[in-house]
Each structure stands twice: as C-alpha cells, then as structure tokens.
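The values are calculated or read from the model by the stated rules, or taken from the named source; none is laboratory data. Just so it is clear, the model here is predicted, and its values are computed rather than measured. Note: areas computed on protein heavy atoms with side chains; ligands, DNA, RNA excluded. Shrake-Rupley method; radii C 1.70, N 1.55, O 1.52, S 1.80 Å.
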Amino acid sequence: MAAGGLGTCCWSTLSYTSHFRVRTSSLVVKAPRGRLVTGRPLRQSFVIKAEVKYVNGEEAKQLVAVEGYSIVDVRDTSQFERAHIKSCYHVPLFIENKDNDIGTIIKRTLHNNFSGLFYGLPFTKPNPEFVETVKTQLPPESKVLIVCQEGLRSSAAADKLDRAGFENIACITSGLQSVKPGTFESVGSTELQDAGKAGLVTIQGDISRVLGAILVCAFLFITFFPDLAEKIIGLIPV
C-alpha cells in the first residue's frame, strides 16, 4: 500500500422495500489520518448514500398525501399546459431551442416538418438552469416527486438532483402516461395520461403514424443515398 493517499469504493444496487422499488447508489470514501501503514486499518470512513424510489401512480399519491413529497413536473411547456397535477412545480428539463445558428435552424426545420408536425413535439435543448431553478424553490433536504410523461426525463432529472445533493427523490415508473384518471387532481384540457398526444396523430390516429414513419424513412433514404434515390424516382411514370 502506498505511504499516503485516498482509498475509495463505489457500488450501485437495486433493492426492494415493502412498498417501493428503490435504486440505491452508495459511495464509500476512506480517508486516513496521517500516513498509511500496510496491515493497519484505516481510522476514518465516510459513507454517502442516495436513494431514488420508483413508484406507481397510487404509491406516488401516498408519497404526496402522507409523506409530504413536493411534485416537480419536468416536461416541456406544451405538455404541461395540456394537463398537469394541481399545485406542482414546473421546471422543464428541456426548453424550446430558439437558437439561430445555421445548424440549429436546419435541425429545427427538419424537426418541425416531421416529429413536430405529426407528434406535436417542440424542438428543445437541455435546460442549463434546471438544477438551480429547482433549488430556488425547494431546498436539498426536501422530499421530491419528479414527474414526466414517459418516465425517461424524470429519471434523468433525478440523477441531476441527486448529484446536486437532494437525498429524498421519487419518480413514477413509466411516467404520467401510466397514471389512472382521478389519481391526482389535475389542471388542463385533457387527462394526465393523454398530455403527450398532439399533432396530426390526434386527428388521424394510426394513419398519421404510418405516414409520418414513411416520410421520415424516405427523407433519410434520400439524404444518405441520393444517387440511388434519383434513379428510383426516374423510374416513376409521370
């Protein structure tokens, strides 16, 4: 063993309590006082542990009603306005990208003509002030229930808040799309389950989903195989 230094050990486990599925991440840091001597135990150790609970809709309701969890909605503004849980905090993990550099303009145009048109999804970028905004509204010792539509953004947000010192975090598995109507008192023009649905798919349903997929595939084919695409188009009778 070296004469001086720092020993660390990190691990991540997945455990189950009687009520909630809990992801536990632990960091053990062993810092000696003075010089290390081979064969002698370290005199000090510090354990930093953070846990994220993954719960269903009914369990989430209990966390809020019984344990005093505050709700932070991390969806974009359009989904939030369609439906959100009453009295929640809204801090988007992603915000609308209004940058005007040439690369962003091209990407935004492509997005608006495909995903934006058919699925009503805004063109976004990571919110650089997400953690600081949450901290201005809730101190790190708060109990926080993070919600999004599908469950992916809430997991990413939980990781960011975990790294920022929040120790009591919960997420709804599969997001608000899995929450039954009436579970939470909500505000908006639709149910929480349906807040992610917009664009032409809400009007034409499966027809637009299929058409949208065809257009996206056609666009990618023309982009990556322009010569072959030109030959195929030339075979079409006019």
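Shape call for region 53-203 from the C-alpha gyration tensor, a ≥ b ≥ c root eigenvalues: rounded (a/c under 1.5), prolate (a/b greater than b/c) or oblate? Here region 53-203 falls in the oblate category.
In terms of accessible area, using a 1.4 Å probe and ignoring ligands and nucleic acids, THR183, THR77 rank largest first as THR77, THR183. Relative contact order for region 53-203: what percent, with Cα pairs under 8 Å and sequence separation of 6 or more? Contact order relative to length: 35 percent.
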